[in-house]
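To start, the structure itself, in structure tokens.
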Amino acid sequence: MSTKEKIQEDVLVEEAIGLNNEIVLYNDDVNTFDHVIDTLIAVCNHTSEQAEQCAIIVHYKGKCTVKTGSYDELKPQCTALLEAGLSAEIV
């Protein structure tokens, strides 16, 4: 007769709760590419390449997600984008 040992394992599951928000930047006919790029670098900590790509996407597609994270983290950044005259929202 053989015995079988049952082993109970505790598995830690970590979910990215609250990180599913994003700042969407929208196209407008007012702001220059340079202003959008400079603002994304200053506010969202983008590299110059990231900011330029986002500006191009916004120009041709009408909108672009420029930052993801928790709502509390994104709120001041979105506010700063709006204060700089850009069109953005958290979704």
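The values are calculated or read from the model by the stated rules, or taken from the named source; none is laboratory data. The structure presented is a predicted model; accordingly, all values stated were derived computationally and were not measured. When we count neighbours, we look across all protein chains shown, and the Cβ atoms used for this are built from the backbone with ideal geometry, even at glycine. Please note that ligands, DNA and RNA were not included when accessible areas were found on the heavy atoms of the full protein model with its side chains. Shrake-Rupley method; radii C 1.70, N 1.55, O 1.52, S 1.80 Å.
Ranked from the most accessible area to the least, with a 1.4 Å probe and all protein chains present, what is the order of TYR60, TYR71?
On the way: TYR60 175, TYR71 105 Å².
In descending accessible area the options line up as TYR60, TYR71.
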Problem - Label-point separation in nm, GLU73 to THR47, each point 7 Å along Cα→Cβ - result: 1.9 nm
Handout entry: Rounded to the nearest 10 Å², the accessible area of LYS63 at probe 1.4 Å
Key = 110 Å²
